[in-house]
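Only one structure is covered here, and it is reproduced in the block below.
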Amino acid sequence: MNSAESYSADKIQVLKGLEAVRKRPAMYIGDTATRGLHHLVYEVVDNSVDEAMAGFCSRIDVIMHEDNSVSVKDDGRGIPVDAHPDYDDPPKSALEVVMTVLHAGGKFSKDSYKVSGGLHGVGVSVVNALSEWCWVESAREGTVYRQSYTRGDPDGVIEKVGKSRKNSTTTRFKPDNEIFEEVVFKISIIEHRLRELAFLNKGLLITLHDERVEGDAGKQEFCYEGGLVQFVKYLDETRNALLLKPISFDKERDGIPVEVAFQYNDSYRENIHSYVNNINTIEGGTHLVGFKTALTRTLNSYATKAKLFKKEGFLLGGEDCREGLTAIISVKVSEPQFEGQTKTKLGNSEVKSAVETITGECLSEFLEENPSVARRVIDKATQAFRAREAAKKARDLTRRKGVLESGGLPGKLADCSNRDPSVTELYLVEGDSAGGSAKQGRDRRFQAILPLRGKILNVEKARIDRILGNEEIRTIISAIGTGIGTSTEEERSLFGDDSNGGGNGNGGFDIEKLRYGKIIIMTDADVDGAHIRTLLLTFFFRYMRQLVDQGHVFIAQPPLYRLKRGKTEVYVYDDRERDRKLKEMGGGNIAINRYKGLGEMNPEQLWSTTMDPETRTVVRITLDDATRADRIFSILMGDVVEPRKKFIEENAKYVKNLDV
C-alpha cells in the first residue's frame, strides 16, 4: 500500500473542545516550564484587570495556596450565568462557555469592554484546560453561582451555592502536573507582575497572599495613587534623579488615552518601557516612536528658542536626549494591532500621532513653565552629545587598530577548529592559571578559551567611550564577533546616526556575525568570582542583549568539593549534595577537598567536571522580564548603596555557598 492510499479521511483527527490545548499546550502559553506556569496566573488576573479598566473593579486578591493552587478574586460585575444564546442543545450558561470554549469572553464585545488587556493571550478557558481541577464562583444580583471542572471538562451544571450582597468573581485552579514540568509557583515572579499592574492602573488595590509562608511575611499589597509617576520613582530608586519629581501627563486624543511619566537621572543609558492595555510591548512600536520623536524635537526647539546652544544650527540627536532617561508610556487602544517576532510591537499608525502630539504639547508647556529644569535637561543632553563624539573617535581608533573587527581575533584567544556556531563554545575564564588548564583540558574541535585578567569595567557606571577604552571588553567584543549595540533596532546605534547597525564589529550589533553558539562564563566559586560573573552579565545585558534574549549566554558550574576515598573520586556541587554523598559513602576516611579556584584543578579534572558536555552542568541565562532585570542590575552595579543593602538583606537566605 502506498502512502497516498493509507492517508484517508479517517486519519484526519478532529480535536474537540479544549483537547487541542492539552495536546499542544506550548502553542497557547509558550512553554510548560516556569514561564508557561506563571502565564496561567496572568491570564486570570488580566480578566480582573479588564473589569478595573472598565470601571467596575477596585480590588483584586491573589492567593498562592499551600497545595500550589491559585485563587484570584475581584469585586467586578461577576461572569454572567444566564443561558448563552448560541448553545441550546445542550444548553450552557455563559459562565460555562467562558470556561470551556476557546476565544469566548466579553472582551470581544465593545459593549462590555472598550479596551482590554491580554488580547494577545489565550483566555481563562486555556487555564481551565491545563489545570488538574478548577472552580469558579460568580456572585451576581445577590446570588453566588459555582461550577467546577476537571482537566477542562465540567463536573456538572452550574449551581447556586449561597448569597452575596456584592458582585464578584473568584477563580481557583491547580495546574496539571501531567502538563507542567514542575508545579511550584515563584512568588517573586507573581509579585513583580502584580506590582506592575498596580502601577499601570492607578488606585487599583491588588493583594497577594502566599499561604506557603507563615504570618504576615507572606502578605503584600500593591496600590499606587500616583500611577506611572510612582512607577518611574520605583525604577529609579537606585539612581540619582536630576529633577525634583518626574514629568508626567495624562491626556486623550482621537479617543486614545495616553499616559506618560519620565525622569532624568545621572546614569548614561535610557530605560524606557511602553505598554498597550497593560501589555508590555517589549519590541516598542508606534507609541514609542511617537514619544521619542516628540521628545527630541521639543527639546531641540526649546533650546534653540531659548538660545541654550552655543553654536548656531546645532541640534541634539535622539540618543543624546534620552541619555539618563527613565520613562513609562502607557496607551489604551480599542483595536490594537500587534506585530513583530513576539507579537509585542504595536503597529497602529494613529497611536503614533496621538502620543507625539500630546507629548509635544505637554512637554513644551512644562519646559516654558520650568526654565531651570529645562536647562538641566539640555545640559545633560549636551554632555551626552560630547561623549558620543568621543565615542566616535574611540570607534575610529579601534577600527584602525582592527580591535573590533571580527577578523582580527585577540592574541590570547585559544580558538577552536570548527567554524559552525551551532556547535562552537567560547569559555570566558577567570585568570590565566585557570585559562591555562582550560586550554589544555578542552576539546579543541569546538571549544575556544578566552582567559580574562581581573575584573572588567563596570559598564553600569561608564559611558561608551570609556567602555571601548577597556582592553578586556574590547577583547571580548573581538572574540564574539557581533559588535555591540542595544536591544532593539531603534536604539541599536551607540556611535551616532552614521551607524547602520550592520554588525561590522564597530557600528552596531549583528547576531549573524556570532562566532560561538554558547558563551560560557567560568569563574571561581568565591566572592570575587561572583563579582566577575555579575560584571560580565551586566555587560551582556546592556550591550549584547540579544545574546541573552536568544539563549546564548551560560554560566558554568564547577564543583565545590572533591570527595576521595582510595581510588574513588566524587565531585559535588553544593553542601547538600556533599552531605548526601558522604552518607552514601559511609562516612570516615574520606578526604574532602574544597575548591576555591578553578586553577586548583588540573586540565583532566576541569574537563571531566566542568567542560565535558556529557557530564557538566551549565545554567542558561534567560530574561523573562526586562523591567525587573534592569532594576536588579542597577541595584547591584549602581552607585546608590541603600537599595543594594536592602536587596542583600532580603536575598541572603537564598545564598548556598558563601566564601568569606
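The values are calculated or read from the model by the stated rules, or taken from the named source; none is laboratory data. Keep in mind that this is a model prediction, so the values were computed, not measured. Glycine gets a Cβ as well: all are built from the backbone with ideal geometry, and neighbour counts include every protein chain shown.
Please list, ordered by first then second residue, the pairs with beta carbon atoms under 9 Å, 6 or more apart or interchain, first in the stretch 191-215 and of a type in the set (Ser, Thr, Tyr), second crowded, with 22+ Cβ neighbours inside 10 Å and outside any helix (DSSP H, G or I).
THR207/ILE60; THR207/VAL62
Can you name the residue in the stretch 169-189 that is in contact with a His (Cβ under 9 Å, 6 or more places away or on another chain) and at pLDDT 95 or above and is also surrounded by the fewest Cβ atoms within 10 Å (Cβ to Cβ) among such residues?
Residues of the stretch 169-189 that are in contact with a His (Cβ under 9 Å, 6 or more places away or on another chain), as a first pass: 172, 174, 185-186, 189.
When the remaining residues are screened for being at pLDDT 95 or above, the result is 172, 174.
Working: ARG172: 19, LYS174: 16.
Out of the qualifying residues, it is LYS174.
Quick one: is ASP579 closer than 24 Å to ARG620 by Cβ, surrounded by fewer than 18 Cβ atoms within 10 Å (Cβ to Cβ) and modelled with pLDDT under 90?
Working: closer than 24 Å to ARG620 by Cβ: no; surrounded by fewer than 18 Cβ atoms within 10 Å (Cβ to Cβ): yes; modelled with pLDDT under 90: yes.
No: the conditions fail for ASP579.
Can you say whether THR238 is at pLDDT below 90 and polar (S, T, N, Q), as far as the supplied structure shows? Step through it out loud before you land on a result.
Details: at pLDDT below 90: yes; polar (S, T, N, Q): yes.
Taking the combined requirement at face value, the residue satisfies it.
Which is in contact with a Leu (Cβ under 7 Å, 6 or more places away or on another chain), at pLDDT 90 or above and part of a helix (DSSP H, G or I), of ILE358, ILE328, ILE378? Steps first, answer last, please.
Working: ILE358 fails: in contact with a Leu (Cβ under 7 Å, 6 or more places away or on another chain); ILE328 fails: part of a helix (DSSP H, G or I).
The unique qualifying residue is ILE378.
Rundown of residues vs (1) charged (D, E, K, R); (2) under 25 Å from ARG545 (Cα atoms), yes/no style:
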residue: ILE256; (1), (2): no, no
residue: TYR268; (1), (2): no, yes
residue: SER274; (1), (2): no, yes
residue: GLU283; (1), (2): yes, yes
residue: GLY290; (1), (2): no, yes
residue: THR298; (1), (2): no, no
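Could you list, in sequence order, all residues of the stretch 570-590 that are outside any loop (DSSP other than H, G, I, E, B) and either of a type outside the set (A, V, I, L, M) or in the same structural domain as VAL423 (by TED's automatic domain parsing) (or both)? Give the derivation first.
In the first step, residues of the stretch 570-590 are kept if they are outside any loop (DSSP other than H, G, I, E, B); the result is 570-572, 575-584.
Those that are outside any loop (DSSP other than H, G, I, E, B) and either of a type outside the set (A, V, I, L, M) or in the same structural domain as VAL423 (by TED's automatic domain parsing) (or both): TYR571, ASP575, ARG576, GLU577, ARG578, ASP579, ARG580, LYS581, LYS583, GLU584.
Return yes when ILE63 is touching a Gly at 6+ places or on another chain (Cβ under 9 Å), assigned by TED's automatic domain parsing to the domain that holds GLY142, not in a helix (DSSP H, G or I) and not aromatic (Phe, Trp, Tyr) and no when it is not.
So ILE63 fails the test.
Count, please, the residues in the stretch 260-312 that happen to be assigned to a helix (DSSP H, G or I) and either among the β-branched types (Val, Ile, Thr) or more than 26 Å from the chain's Cα centre (by Cα) (or both).
In the first step, residues of the stretch 260-312 are kept if they are assigned to a helix (DSSP H, G or I); the result is 286-305.
Now restrict to residues that are either among the β-branched types (Val, Ile, Thr) or more than 26 Å from the chain's Cα centre (by Cα) (or both): 286, 289, 293-294, 296-305.
Qualifying residue count, the stretch 260-312: 14.
Filter the helices (runs of 4 or more DSSP H) completely within the stretch 598-653 down to those with at least 3 residues that are closer than 30 Å to ARG195 by Cα, of a type in the set (Asp, Glu) and modelled with pLDDT under 85. Quick ask: steps written out before the conclusion?
Values: elements: 603-606, 626-637, 641-651.
Result: 641-651.
Taking only the stretch 214-261 into account, find how many residues are of a type in the set (Gly, Ala, Ser) and within 16 Å of HIS273 (Cα to Cα). Break it down into steps so the answer makes sense when it comes.
Restricting attention to the stretch 214-261, the residues satisfying the condition of being of a type in the set (Gly, Ala, Ser) are 215, 217-218, 226-227, 241, 248, 255, 261.
Narrowing the set further to residues that are within 16 Å of HIS273 (Cα to Cα) leaves 227, 248, 261.
Residues that pass the stated criteria total 3.
Only one of (1) out of contact with any Lys or Arg (no Cβ under 6 Å at 6 or more places or on another chain); (2) in contact (Cβ under 8 Å) with a residue 12 or more places away in the chain fails for GLY227. Which number is that?
Only one criterion in (1) out of contact with any Lys or Arg (no Cβ under 6 Å at 6 or more places or on another chain); (2) in contact (Cβ under 8 Å) with a residue 12 or more places away in the chain is unmet by GLY227, namely (1).
Among the residues of the stretch 195-223, how many are surrounded by 20 or more Cβ atoms within 10 Å (Cβ to Cβ) and among the β-branched types (Val, Ile, Thr)?
1
Which of the residues belonging to the stretch 154-168 are assigned to a strand (DSSP E or B) and under 11 Å from TRP135 (Cα atoms)? Quick ask: steps written out before the conclusion?
Keep residues of the stretch 154-168 that are assigned to a strand (DSSP E or B), which gives 154, 159-163, 168.
The one that is assigned to a strand (DSSP E or B) and under 11 Å from TRP135 (Cα atoms): PRO154.
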